[in-house]
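One structure below.
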Amino acid sequence: MTEAPPSRAHGLLTALFKFQSLFGLVAVFVAAVVLSPVKGGHLVFLGSGNLLNVVRAISEIGILAVGMTLVILIGGIDLSVGSVVGLASVGVAELLTVNDWGLVPSVLLILALGLVFGLAQGIASAKFGIQAFIVTLAGMQVARGIARMWSDGRGVSIVYGDGPRQAPVTFSLLGERTFNGVVPIPALIFVVVAVLAVVLLRVSAFSRHLYAIGGNEKAARLSGVPVLRVKVLVFGLCGLLAALAGIVHAGQFSFGGPNDGAGFELSAIAAVVIGGTSLSGGRGSVLGTVAGALLVGVLDNILQLNNVDSNVQLVVVGCVIVFAAGLQRLRPAAIRT
Amino acid sequence: MGDEGAALVVMTGVSKAYGGVRAVRDVDFAVRAGEVHALLGENGAGKSTLMKVLSGQVAAERGEIRIGGEPVRLSRPADAQRAGIAMIHQELDLVPALSVAENVFLGREPRTRFGTVDRRRMLAETRRLLARSGVRLDAAAPVELLRTGEQQLVTIAKALSLDARVLIMDEPTSALSPPEVEQLFAVIAELRAAGVALVYISHRMEEIGRIADRATVLRNGAVVAEFDARELTAAQAAEAMVGRPVHLMFRADSRASAEPGADVLRVENLVVRADAGGRPPDGISLRVGAGEIVGLAGLLGSGRTELLETLFGGGPGGHWSGQVLLRDKDFHPRTPRKAMRAGVAFVPEDRRLSGLALEHSVLANSVLSIVDRLARFGVVSARRERGAARGSAARLGVKLTSIAEPVGALSGGNQQKVLLGRALLTGPALLLLDEPTRGVDVGAKAEIYRLLGEIAGEGVAILLASSEPAELVGVCDRVVVLRAGRSVHELDTGSAGEAELLAASMGDVQ
């Protein structure tokens, strides 16, 4: 083939689209700075307390979105994560208070529960060939049902202390800040999860298999990729992260509610889409998702700071999703058709 | 029609670029009514793009198109259809879940008085069209149950149903068996006599010589030569396409003397009772020795592809009887991964559908089969990964600007080399190839043949399924002929030629 090498402008354009959510984040950030209310000569938006609040506010959705990115990269979807948040939230509250379990066994059991729930969905979808959309739609109902049965439909308040039916005080750290009371713990957990996922997707053989399945599943199978194993594991990881988000949720509010997390799955999918990951699989990144989640967080924050009605916020975020997805369609075609 | 010189289609100064890459530049191209005009060129030379412009699928940036003397604007496929232009695509554009008849009449279904789809007329019309192109297919069968070649026949019937004045055929025979090719040629002759202007794209030189009147050669998006097709030799055409003299020899002759080594693969009376699709092996025996290239011949539906898939653990599965020995050990792979671990590699028939992730980089596609071997504790060294991909690209002579570019941006021949390279990186003892040069241009074809000879020279056993008799006879040491899932004949290519092979495939040999 004797083609002219792609021009520099073309390469730049490709990079721009590849990291569109990062550029979008910068743009929204700049807009937020401009629109920020001023208090005592300082921009409220740029206060470190406020910025960390943004990260804290998106930490649960962010953790979910990381897991969702993996699932979407293999061309799947997981609608159950919101319900699993509710299940984990109520479950950890019950175990810590009603059952008087210790902190470590409670958390481990709930994480294992999320993992197993995800693995089961993965098996149903990958082994028996039921579409992920359907399997996880069912999983969404099942997890919500179990959550309500667990607490008889009531929310469980978490009271801290050493007495019976009191949770270990350590668990309340999830509502606290660390590093001299600056960094919210949930934000820290989100950052750690995101960094681990970025590293996993960058260096592991597992990630190569994952992307290949999303790119062309049949080709991956014929190249010796253990398609079934990878898919099941990805759903397992997504369930595990959903359980983690649920635990964080219960800790932040000292309350485990069986209806918690309703609709979180859609917010997580929104963050993934804004982050530039293709819903058809094989293309995207966790870094994009993190930027997508932050973008939504900053947007919400600046609208709140300006006392914009929360319903208007929904409309704005909706428009951003469509805009981001539309932008992806403009990507220069890299392959012959 | 009476005026021999009158051109029905005249394209003047047509240019088109994709994202900064010029696919076609300043091309003049004309086709007369009642003429078969061959369009030649390596993959990436711009043939498909030029024809997509003519069929309204992509808009040209510059240039003029006249049909029957009238300037036309072809910005949408519907424009082209209205102008009487139809195209048979190399990539099949059928809706898998719909029936043959529904596909043929997609978007222009005959109606009853009540405005509902007239299914009976649609089926009858389709049967008539199929019969006209000599195809034995159930008009009511869903297209997804048909094999690639059969689907191609459906697209041909569909194009015929349009009663086009201009018919473009992009490699219509690439998945057809020899008798089906003959049938198609008969149809083409009929159309030519009826005054249809035909554009015929093919990599098979012997076809061009037989049916084309004129030939235009494209190179790098521009017209470089025009020939009288009846006097065109394969060597002339190849030279014009590549831009330098090409030796169309198949494999290094030095290999011919090599004695085959111990049997790597031995299949004894293999019968698979599969629950779904295709034609599973129904009594196949063959053996492939180390360093030997054995061909698998047979018509469409003879079970070539299914045999390879079964041997690679990629088939639908089912109950086996008979025996398969790989290096003298019982071999019954249930997944491709297990087959690969046992030392088998496979290059599938359709590289777009089941070979490559087109949007992913050459790097990712090249090393996919060995990434977990390159990893230590699950962590892949990017350096080793790049090394392996570069080594593979260099060994196979893949032409690319960078291993980071999407594999879909490469030409067909280079894509095929990436695929072959991936299989070789696993270090196989047995290499299974399904149509390894389908849709590959002459230059790349010769290189692939040379590579196969080289690989066999290193002691790898190769089993090669192909529908091109010339390829089987030219490349293989022996050819096993399949018919209806059974191995019915074996030919030594040292003494038998293409004619014997064809005869055996069609059943003229006792």
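The values are calculated or read from the model by the stated rules, or taken from the named source; none is laboratory data. Since this is a predicted model, take the numbers as computed values, not measurements. Counting neighbours? That spans all protein chains shown, and the Cβs are built from the backbone with ideal geometry, glycine included.
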Quiz item: So, of the residues in the range B:343-363 that are small (Gly, Ala, Ser) and facing another protein chain (nearest Cβ under 7 Å), which turns out to be surrounded by the fewest Cβ atoms within 10 Å (Cβ to Cβ)?
Solution: B:Ser354
Self-check item: Subset of the range B:270-328 (residues that are at pLDDT 90 or above and of a type in the set (Ser, Thr, Tyr))
Solution: B:Ser285, B:Thr310
Quiz item: Counting only residues that are in a helix (DSSP H, G or I), surrounded by fewer than 21 Cβ atoms within 10 Å (Cβ to Cβ) and either within 11 Å of chain B (Cβ to nearest Cβ) or among the aromatic types (Phe, Trp, Tyr) (or both), how many does the range A:187-204 have?
Solution: 4
Self-check item: Residue match in the range B:365-378 (condition: of a type in the set (A, V, I, L, M), in contact with a Ser or Thr (Cβ under 6 Å, 6 or more places away or on another chain), in a helix (DSSP H, G or I) and at the interface with chain A (Cβ under 8 Å from one of its Cβ atoms))
Solution: yes
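Residue by residue, here is whether (1) closer than 29 Å to B:Met205 by Cα; (2) part of a loop (DSSP other than H, G, I, E, B); (3) within 14 Å of chain A (Cβ to nearest Cβ); (4) of a type outside the set (Lys, Arg) holds:
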{"position": "B:Glu42", "(1), (2), (3), (4)": "yes, yes, yes, yes"}
{"position": "B:Thr49", "(1), (2), (3), (4)": "yes, no, yes, yes"}
{"position": "B:Val58", "(1), (2), (3), (4)": "yes, yes, yes, yes"}
{"position": "B:Ile65", "(1), (2), (3), (4)": "yes, no, no, yes"}
{"position": "B:Ser75", "(1), (2), (3), (4)": "no, yes, no, yes"}
{"position": "B:Asp79", "(1), (2), (3), (4)": "no, no, no, yes"}
Exercise. Being within 21 Å of A:Gly175 (Cβ to Cβ) and of a type in the set (S, T, N, Q) is the filter; apply it to the range A:209-262 and report the residue that is nearest to the other protein chains (Cβ to nearest Cβ).
Key: A:Gln252
Quiz item: Which ones in the range A:30-47 are within 14 Å of A:Asn301 (Cα to Cα) and surrounded by fewer than 19 Cβ atoms within 10 Å (Cβ to Cβ)?
Solution: A:Val30, A:Ala31, A:Val33, A:Val34, A:Leu35, A:Pro37, A:Leu43, A:Val44, A:Leu46, A:Gly47
Practice problem: For A:Ile269, indicate whether it is within 24 Å of A:Phe19 (Cβ to Cβ), crowded, with 23+ Cβ neighbours inside 10 Å and within 14 Å of chain B (Cβ to nearest Cβ). | Solution: no
Quiz item: A:Leu279 is checked against (1) within 16 Å of the chain's Cα centre (by Cα); (2) part of a helix (DSSP H, G or I); (3) among the aliphatic types (A, V, I, L, M) and fails just one. What number does that condition carry?
Solution: (2)
Practice problem: Take the residues in the range A:1-36 that are in contact with a strand residue (DSSP E or B) (Cβ under 8 Å, 6 or more places away or on another chain) and at pLDDT 85 or above, then tell me which one is nearest to the other protein chains (Cβ to nearest Cβ). | Solution: A:Val33
Quiz item: Does B:Ser55 satisfy the criteria of being under 30 Å from B:Leu176 (Cα atoms) and either within 22 Å of the chain's Cα centre (by Cα) or outside the structural domain of B:Arg219 (by TED's automatic domain parsing) (or both)?
Solution: yes
Quiz prompt | Among residues of the range B:417-436, those that are touching a strand residue (DSSP E or B) at 6+ places or on another chain (Cβ under 8 Å), assigned to a helix (DSSP H, G or I) and more than 10 Å from every other protein chain (Cβ to nearest Cβ), counted | solution = 2
Quiz item: Taking the range B:311-342 on its own, how many of its residues are facing another protein chain (nearest Cβ under 9 Å) and part of a loop (DSSP other than H, G, I, E, B)?
Solution: 3
Quiz item: Mind checking which pairs have a first residue in the range B:474-486 that is in the same structural domain as B:Val271 (by TED's automatic domain parsing) and buried (at least 24 other Cβ atoms within 10 Å of the Cβ) and a second that is of a type in the set (Lys, Arg) and assigned to a helix (DSSP H, G or I), Cβ under 9 Å, 6 or more apart or different chains?
Solution: B:Leu482/B:Arg304
Quiz item: So, in the range B:379-394, of the ones that are surrounded by 15 or more Cβ atoms within 10 Å (Cβ to Cβ) and more than 10 Å from chain A (Cβ to nearest Cβ), which residue ends up farthest from B:Gly412 (Cα to Cα)?
Solution: B:Arg384
Quiz item: Given (1) surrounded by fewer than 21 Cβ atoms within 10 Å (Cβ to Cβ); (2) away from chain A (no Cβ under 14 Å), where does B:Arg25 come up short, assuming only one miss?
Solution: (2)
Quiz item: How about the range B:395-411: which of its residues are of a type in the set (S, T, N, Q) and facing chain A (nearest Cβ under 7 Å)?
Solution: B:Thr401, B:Ser411
